[in-house]
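Quick notes on the structure that follows.
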Amino acid sequence: MRGALGAALPAGAVFGCAGGGGGAGGDGPAVASIGGAGSACALPVTFDVAKPWKTKRTEPVNDSSSWFHFSHACEIEARTGDTKVTLSVHTPDGPVGDSPQKVMDSFQGTGLANYGEYTSDYHYNKSKVASSPALEMDYRMSPPDLQIKPSRHRRLAVVTPKGTVVLSADGSEGPASRAFQLAKSSMKVTSS
């Protein structure tokens with residue numbers, strides 16, 4: 001699943017987060033906003049990520065190897081020791097439905113095409129995010145390859161007046177969950 005997307009990343013497309021570093025002496029973890037004008041990724045929404053994160057902007061892939069109905073608009077990656085968390089944002093290339101459920105069905109049909117038999121323990125939650133209808137889902141992936149640890153994957157489909165996004169969080173359970181919850185709780189529709 002990650003191989004085709006990784007090929008879409010241009011060399012040297014790593015952007016540092018805006019603002020100064022956080023941590024010692026601060027009032028909690030420092031965050032950077034992603035998605036607005038002037039950030040590494042222009043999106044219909046903005047959301048916060050904890051520093052230090054690296055943001056990679058992807059180039060469009062205009063062929064059948066792209067994410068079918070979706071473009072891989074932005075990827076945010078962090079590594080702390082051996083722990084790696086990846087937040088990815090996907091935007092639809094064309095009509096995929098006007099509800100978060102239709103968007104998620106279209107996205108997941110593509111994303112799990114080769115891995116469905118290794119997934120289990122699905123959870124869905126309808127909500128509002130950025131004052132817009134949203135659907136959150138998570139599932140467990142347990143590949144048969146003993147070199148790859150089982151992991152939990154999170155998805156959030158949000159349909160806003162400015163556009164539709166699907167946010168994905170993949171990685172170790174605790175760090176991925178914290179990154180996903182921060183992005184979700186801080187998400188806002190991009191201002192004009």
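Every number here is computed from the coordinates shown, using simple stated rules; none is lab data. Since the structure is predicted, the reported quantities are computational estimates derived from the model, not experimental observations. Cβ coordinates were reconstructed from backbone atoms using ideal geometry, including for glycine residues, and neighbour counts include every protein chain displayed.
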Checklist entry - How big is the convex hull of the Cα atoms of the stretch 135-192, per residue, in Å³? => result 87 Å³
Item to check | Extension reserve of the residue 101-residue 128 stretch, reckoned as 0.36 nm per residue once the Cα distance is removed | outcome: 8.4 nm
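Work out how much length residue 185 to residue 83 would gain on full extension: take 0.36 nm times their residue separation and subtract the Cα-Cα distance, in nm to one decimal. Spell out each step's value before the answer.
Values: separation 102, 0.36 × 102 = 36.72 nm, distance 2.26 nm.
Extending this stretch completely gives an extra 34.5 nm.
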Checklist entry - According to a simple spin-label model (label point 7 Å from Cα along Cα-to-Cβ), what is the distance in nm between residue 178 and residue 145? => result 2.7 nm
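As a quick test, which of the pairs 51/126; 102/188; 54/188; 126/184; 51/162; 54/102 have an alpha carbon distance above 19 angstrom in this structure? Intermediate results must be reported in sequence, preceding the final value.
Details: 51/126 29 Å; 102/188 21 Å; 54/188 21 Å; 126/184 13 Å; 51/162 27 Å; 54/102 31 Å.
Too far apart for the 19 Å limit: 51/126; 102/188; 54/188; 51/162; 54/102.
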